[in-house]
1. Restricting to the range 231-248, what's the tally of residues that are assigned to a loop (DSSP other than H, G, I, E, B), surrounded by 15 or more Cβ atoms within 10 Å (Cβ to Cβ) and within 20 Å of the chain's Cα centre (by Cα)?
2. Mind checking which residues of the range 178-200 are part of a loop (DSSP other than H, G, I, E, B), within 22 Å of residue 135 (Cα to Cα) and within 18 Å of the chain's Cα centre (by Cα)?
3. Give the residue that is surrounded by the fewest Cβ atoms within 10 Å (Cβ to Cβ), with candidates limited to residues of the range 205-229 that are touching a residue at least 40 places away in the same chain (Cβ under 8 Å) and more than 19 Å from residue 168 (Cα to Cα).
4. Looking only at strands (runs of 3 or more DSSP E) that lie completely in the range 28-69, which have at least 2 residues being touching a residue at least 60 places away in the same chain (Cβ under 8 Å)?
5. Could you pull out the residue among 238, 212 that is closer than 17 Å to residue 128 by Cα and modelled with pLDDT of 95 or more?
6. So which residues in the range 133-158 are in contact with a helix residue (DSSP H, G or I) (Cβ under 6 Å, 6 or more places away or on another chain) and not in a strand (DSSP E or B)?
7. Can you tell me how many residues within the range 81-102 are buried (at least 16 other Cβ atoms within 10 Å of the Cβ), part of a loop (DSSP other than H, G, I, E, B) and touching a helix residue (DSSP H, G or I) at 6+ places or on another chain (Cβ under 9 Å)?
C-alpha cells in the first residue's frame, strides 16, 4: 500500500516508500549518502519502484545511514521528528530488504535499531539492535540484541552513544531464516521488529522480530528502563536507524536495496513478494 494511503491509518508514525522527490534530508535528521553509494534510485525498490541503493566496495565498513526521529527528544539536532510531542513506549517498524543475487559474506552486520536518545550528548536509555550478530555462526541470520543504558538502580548509566562499557546487555537471539545465505539472495524480504518498554519496576519489556511474517525470536522479560521512565525528564523510544555498517568490511563489491520503511504503534503486516 502506498504511503499516501498508509498515512491515513491510525497508529502510523512515519512511512517512506521513497517515491517522494523531496530530499531525504528533509525527513530524516541524519542521512549519509556515502559519496553516492547510498542513494534513492529508480528501479531499486520492490516491483521496480524507487528505493534506496546501497553499494559496498570491497573492504568497505560504512556505506551510509538513514536516521529517523520520532516523538520527544532532548537534542534539537534531531530534526523532522514525526509526532514530536509524543512519548513512545511501544513501536513496530519495518524495512524491506533485498540483497543482490550472489551476495556473499552474510548479513553485513548492522541493519537497523530503535533507541532512546536520553540527552543532548546522546546518552542512550536503550537500544534494540537488529543485525547479523558479528559471529560466523550467525552471519546468514538476523540477530535481535537488546541493550540498556539504564542500570538496575534506574539511573542513566551510559555516558555517550554506543557506550558499550556502560550498557547492560540482555542477551541476543538468533533468527531461524537464513535470508543472507548466498542461495537465498536476490529476493525481497520483509523485516518487522517490535519493541515495548517495560512497565516501571517490572521485567515485562518486549522485543520481537519477524521475517516475511515468520517470528524469528521474541523476548517478553526485558528490563529496558527499570523505573527510569517515572523520573521527570526521561524519554521513550525516539529514534529508528537504518544502517549499512559492516564491522570487518564487505568481502567484495556488492549491492543491497531498501524499500517501504514504516513505523507504527500498531502491528505491521508483511506482503513482500
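1. Residues meeting the conditions: 4.
2. Within the range 178-200, 179, 180 qualify.
3. The selected residue is 213.
4. Answer list for the range 28-69: 51-56, 62-69.
5. 238
6. 154, 157, 158
7. The qualifying residues number 1.
The values are calculated or read from the model by the stated rules, or taken from the named source; none is laboratory data. Keep in mind it's a predicted model, so treat the numbers as computed, not measured. For neighbour counting, all protein chains shown are included, and Cβ atoms are generated from backbone atoms with ideal geometry for every residue, glycine included.
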